[in-house]
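Student: Sharing a structure here in structure tokens format.
The values are calculated or read from the model by the stated rules, or taken from the named source; none is laboratory data. Bear in mind the structure is a predicted one, so any value in this text is a computation, not a measurement. Here Cβ is always computed from backbone atoms with ideal geometry, including for glycine, and neighbour counts include all displayed protein chains. For the accessible areas, the whole protein counts, side chains as well, though only heavy atoms, and no ligand, DNA or RNA atoms are used. Shrake-Rupley method; radii C 1.70, N 1.55, O 1.52, S 1.80 Å.
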Amino acid sequence: MPRGRLNSLSLRVGLIAAVVVAVFAGLTALALERAFRDSAAQALDERLHAQLYLLMGVTEVDAGGRVILPERLPEARLMLPESGLVAEIRTPAGERLWISPSALGRDPDRDALPFTVNLTVNWELGERLYPLEFRILEDRRAFEAQLSEYRQSLWGALAALAVLLLAAQGIALSRGLKPLRQVARELRAVERGEQPGLEGRYPVELKGLTDNLNALIHHERAQLARYRDALSNLAHSLKTPLAVLRGTLDTRDPDRDQALEQLERMERIVAYQLQRAATSGRTVLSAPIPVAPLVQRLGSTLGKVYPERDVQFEMDVPSSLQFRGNEGDLMELLGNLMDNAWKHGGSRVRVSAGQTGEGLELSVCDDGPGIPPGEVPTILTQGGRLDEQVPGQGIGLAVVADIVAAYEGRIEIDRSPLGGAQVRVVLPG
């Protein structure tokens, strides 16, 4: 059989089922045949003993010790030659006193008939005792014919049962694998763009698979959309600085400072849009990431980057708390929030995190001047151009807003308990 054919799940299960049914039928047939053979042999032994007792019942012994039996024996087969059943009466010394008519043409001593029962009795005749040995012998023809008939019936019934079992197995397998075939059909439809995802109703055993596939499809499409949006926004955002730079260079006395300013602005635009495009977004296939070590590492790094600010860093993050997503996204999100708190805050920065009913909740507080409420909507505008961001905030909060949107989360900015700004982020999952 070609190797490729073995990649079929239906064929594999069908072959396994056929082997199991064949082994089961074979073992069952052997066990039943052995049980029937033992039962038939026991029944034959009991029947031969019954015939022996009947023979003894019709036997007479005259005064001279001669054995006399009637012309019609109780067992008709004892009177038919070649019937396979033979009876005889002997002395203990082996002298044959009588043999049934069915022994015509055969010698029981020479033929060694396999089934034999005998019984020695002391026949009372007056005050004398005549020891007699009664023997019933039968060949195996009738026994083997009985076994053969049973064997044919048994194997026929088991073969029919095996066919029914395989047919039932085939039907069950076909119906059981139907959801998998439906998944394959829907995936092909998704590839052709005919439907957005897997829309069928699947059993609980496949629910996790189909949900993960839908999440993966959604994640890939969202990632592609971010790439397209980033390229579109990048092209749009670069138009103005490029025009200014071109105008500056076209003059006889180019303004070097203005050219450098536009180049720096273009660099920030490119960095921002590349960061937006690189955001992975929410996916169920990500490994869980401990949050506390990452926050601790960022706090230590920022303390070294801004040693002159002498910020008191406070962290309230459970050691067991985990984030299911891309580690780079979490580091970029927390890094931007904590960097803003370090730069624009006062002397205290507090980072707290926990798991709520909505998902992972992160909060970064500082004791600085805070963010005016009127500027918050502009800061958090998704997809806004870089030149629309609030001065002094750079691109940090815009990047954070894009990452939160990619994870279908929520971001809030309000007054901090420490007196400055508090940025609260909720990421589902």
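Student: Net charge near residue 372: determine it from the other residues with C-beta under 12 Å of the C-beta of residue 372, scoring Lys and Arg +1 and Asp and Glu -1. Could you put the intermediate results ahead of the total?
Tutor: On the way: positive: 415; negative: 375, 414.
It works out to a net charge of -1.
Student: A further question on this structure: Would you kindly give the portion of the calculated P(r) for the stretch 17-78 that falls above 14 Å, as a percent of all Cα pairs?
Tutor: Roughly 72 percent, once rounded to a whole number.
Student: Separate question: Enumerate by residue number the trypsin sites (Lys or Arg not before Pro) in the stretch 170-214 meeting two conditions: DSSP loop (anything except H, G, I, E, B), and at most 13 other Cβ atoms within 10 Å of the site's Cβ. Show your work: numbers first, answer last.
Tutor: Working: sites: 175, 181, 185, 188, 192, 201, 207; in loops: 192, 201.
Here the trypsin sites (Lys or Arg not before Pro) that fit, given the DSSP loop and packing criteria, are 192, 201.
Student: Using a 1.4 angstrom probe on the protein heavy atoms only, line up 49, 218 by accessible area, largest first. Don't jump to the answer; show the numbers that get you there.
Tutor: Values: 49 60, 218 100 Å².
Output order, biggest surface exposure first: 218, 49.
Student: Report the Stokes-Einstein translational diffusion coefficient (µm² s⁻¹, integer) for the stretch 169-219, Rh taken as the Kirkwood radius over Cα pairs, at 25 °C with viscosity 0.890 mPa s. Display every interim value, and only then the final one.
Tutor: Numbers: Rh = 11.6 Å.
After rounding, the answer is 212 µm²/s.
Student: Could you work out Rg/(2.2 N^0.38 Å) for the stretch 25-164, with Rg from alpha carbons only? Display every interim value, and only then the final one.
Tutor: Values: Rg = 19.5 Å, N = 140, 2.2 N^0.38 = 14.4 Å.
Rg over 2.2 N^0.38 Å, computed on Cα atoms: 1.36.
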